[in-house]
Each structure stands twice: as C-alpha cells, then as structure tokens.
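Colleague: Let me begin by handing over the structure; questions about it come next.
The values are calculated or read from the model by the stated rules, or taken from the named source; none is laboratory data. Computed from a prediction, not measured in an experiment: that's the story for all the values here. Glycine gets a Cβ as well: all are built from the backbone with ideal geometry, and neighbour counts include every protein chain shown. Just the protein is used for accessible areas: all its heavy atoms, side chains included, with ligands, DNA and RNA removed. Shrake-Rupley method; radii C 1.70, N 1.55, O 1.52, S 1.80 Å.
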Amino acid sequence: MIFIALLRGINVGGKNKMDMKQLKQTFEEVDMRDVVTYINTGNIIFTREGLSKTEIAHILEEAIEKDFGLQIKVVIRSMDEMTKIIKAIPDSWKNDKEMKSDVMFLWDDIDDESVLEHLVIKPDIDTVKYVPGAILWTVDKKNVTRSGMSKIVGSKVYKQMTVRNVNTTRKIYELIHAQPAQK
C-alpha cells in the first residue's frame, strides 16, 4: 500500500535539521519500500504492507528519534485519503503572488469537522473547508494579515497539524502516482 508521511516542523527556520538522504535511509531501515522524499520539509512517499497507519507512524517516530535525536510527529495518509483531499481542493486555488492556499493535515485525534469550531474564520476574508484528514484554507495575499486563520499559529489546534501549501500537496500527489505500485 502507498503512503505519504508528513513530518511536522523539520528544516524550518534552522530548527530540527534533517538530511533527506539520511531520512530516506532511516525509512528503509525500518522496512519502508520505494521511498521518495520531496523537498526538505519532510514529505516522504513510500510503500508498506501489513501495518496500520498508527503502527507506521509509531515505527517512524521511534526511528527518527533514534537516528536524529529528535521527537518529530509524523502524520500518515494513504493514497485514497490523499485522493479525497486533492479532489476537495478547488482547481482555482494556488499558492502564488496573489493567493495563499494551504492544506492543514490533522492528527487523527482532532480529525473531525468539529475542529472548525476552534478556528477564527472571517468568512469575508477566509475560505475554509474541512475534508477528512485536513483543513483547506485560502485567502487573497493582500488579506493575509487580516485573516482570522493567520492567528492559528501557537494555538492548541495548530500543534496538532502539519501544513503544506497546495502547490506542494499537488506535487506530492503527483509523486504518489509515480510510485512503482501505480505504474
């Protein structure tokens, strides 16, 4: 089965540094197969049979702590889950000079539509959608500082997610489809 591991808070602002070649090796040493990394922010596509997402996350978190000395939270999504998330992102959403669009991948224990109740959403500025596994958010770049969602950093909910922009999320999905099991 094909999975994506999304690591929270690595190689950001000079903190929690990890070399992607070494991270790939860490994944392979704990029997993850067909391992592909994408950019330095901790996006790893791999295949693994016979284990649940929870088991895989636990194995990877322990391996990362052993190899890097860092306690890093790992979110695992299956190819089917990623497909549903990608299909929920409107084609017009992008991350560019005019628009900021993010996918906030949720820890399983807060993965429910009720998570939206804990967010500051300004409907005239923010567009926010829940899809199982993630919160989707877009805002015009000129309104980012006025956005209620920009205040999420440091909140309890923020500590239970890892964020990727839509461009990165789409590229990860493209790479999933390039995995050997998909050819």
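Colleague: Condition (residue is touching a His at 6+ places or on another chain (Cβ under 9 Å) and not β-branched (Val, Ile, Thr)) applied to segment 156-164: is it met by at least one residue? Full working, then the answer.
Modeller: Within segment 156-164, the subset touching a His at 6+ places or on another chain (Cβ under 9 Å) is 156-157.
Next cut, not β-branched (Val, Ile, Thr) only: 156.
Yes, segment 156-164 has at least one match.
Colleague: Among the residues of segment 109-135, how many are of a type in the set (A, V, I, L, M, F, W, C) and part of a helix (DSSP H, G or I)?
Modeller: First, the residues of segment 109-135 that are of a type in the set (A, V, I, L, M, F, W, C): 110, 115-116, 119-121, 125, 128, 131, 134-135.
Next cut, part of a helix (DSSP H, G or I) only: 110, 115-116.
Number satisfying all stated conditions: 3.
Colleague: Can you pull out every residue in segment 69-108 that is among the hydrophobic types (A, V, I, L, M, F, W, C), modelled with pLDDT under 95 and in a helix (DSSP H, G or I)?
Modeller: Listed by number, the list holds a single entry, 79.
Colleague: Given the condition more than 28 Å from residue 155 (Cβ to Cβ) and part of a helix (DSSP H, G or I), answer yes or no: does some residue in segment 48-62 qualify? Show your work before the answer.
Modeller: We begin by selecting, within segment 48-62, every residue more than 28 Å from residue 155 (Cβ to Cβ); these are 48-52, 55, 59.
Still in the list and also part of a helix (DSSP H, G or I): 55, 59.
Scanning segment 48-62 turns up at least one residue that is more than 28 Å from residue 155 (Cβ to Cβ) and part of a helix (DSSP H, G or I).
Colleague: Select from segment 29-49 the residues that are open to solvent by 80 Å² or more (accessible area, probe 1.4 Å) and free of Cβ contacts under 8 Å to residues at least 40 places away in the same chain and list them in ascending order.
Modeller: Hits for segment 29-49 are 29, 33, 40.
Colleague: Does residue 26 fit the bill of being loosely packed, with under 15 Cβ neighbours inside 10 Å and over 30 Å from residue 139 (Cβ atoms)? So that I can check it myself, show each step before the final result.
Modeller: On the way: loosely packed, with under 15 Cβ neighbours inside 10 Å: no; over 30 Å from residue 139 (Cβ atoms): yes.
For residue 26, the condition - loosely packed, with under 15 Cβ neighbours inside 10 Å and over 30 Å from residue 139 (Cβ atoms) - is not met.
Colleague: Residue 163 - would you say it is surrounded by 13 or more Cβ atoms within 10 Å (Cβ to Cβ), at pLDDT below 95 and assigned to a strand (DSSP E or B)? Can you show your working first?
Modeller: Numbers: surrounded by 13 or more Cβ atoms within 10 Å (Cβ to Cβ): yes; at pLDDT below 95: yes; assigned to a strand (DSSP E or B): yes.
Answer is yes for this residue.
Colleague: Could you list all residues from segment 124-144 that are open to solvent by 80 Å² or more (accessible area, probe 1.4 Å) and either of a type in the set (S, T, N, Q) or closer than 23 Å to residue 167 by Cα (or both)?
Modeller: Just the residues of segment 124-144 that are open to solvent by 80 Å² or more (accessible area, probe 1.4 Å), to begin with: 124, 132, 141-142.
Listed by number, the residues that qualify are 132, 141, 142.
Colleague: Please go through segment 145-160 and give me each residue that is open to solvent by 90 Å² or more (accessible area, probe 1.4 Å) and within 16 Å of residue 109 (Cα to Cα), ordered by number. Outline the logic, then answer.
Modeller: The initial filter retains those residues of segment 145-160 that are open to solvent by 90 Å² or more (accessible area, probe 1.4 Å), namely 145-146, 151, 153, 156, 159.
Correct list: 156, 159.
Colleague: Further question: In segment 80-99, what residues are in contact with a strand residue (DSSP E or B) (Cβ under 8 Å, 6 or more places away or on another chain), open to solvent by 90 Å² or more (accessible area, probe 1.4 Å) and within 12 Å of residue 132 (Cα to Cα)?
Modeller: Within segment 80-99, just 84 meets the criteria.
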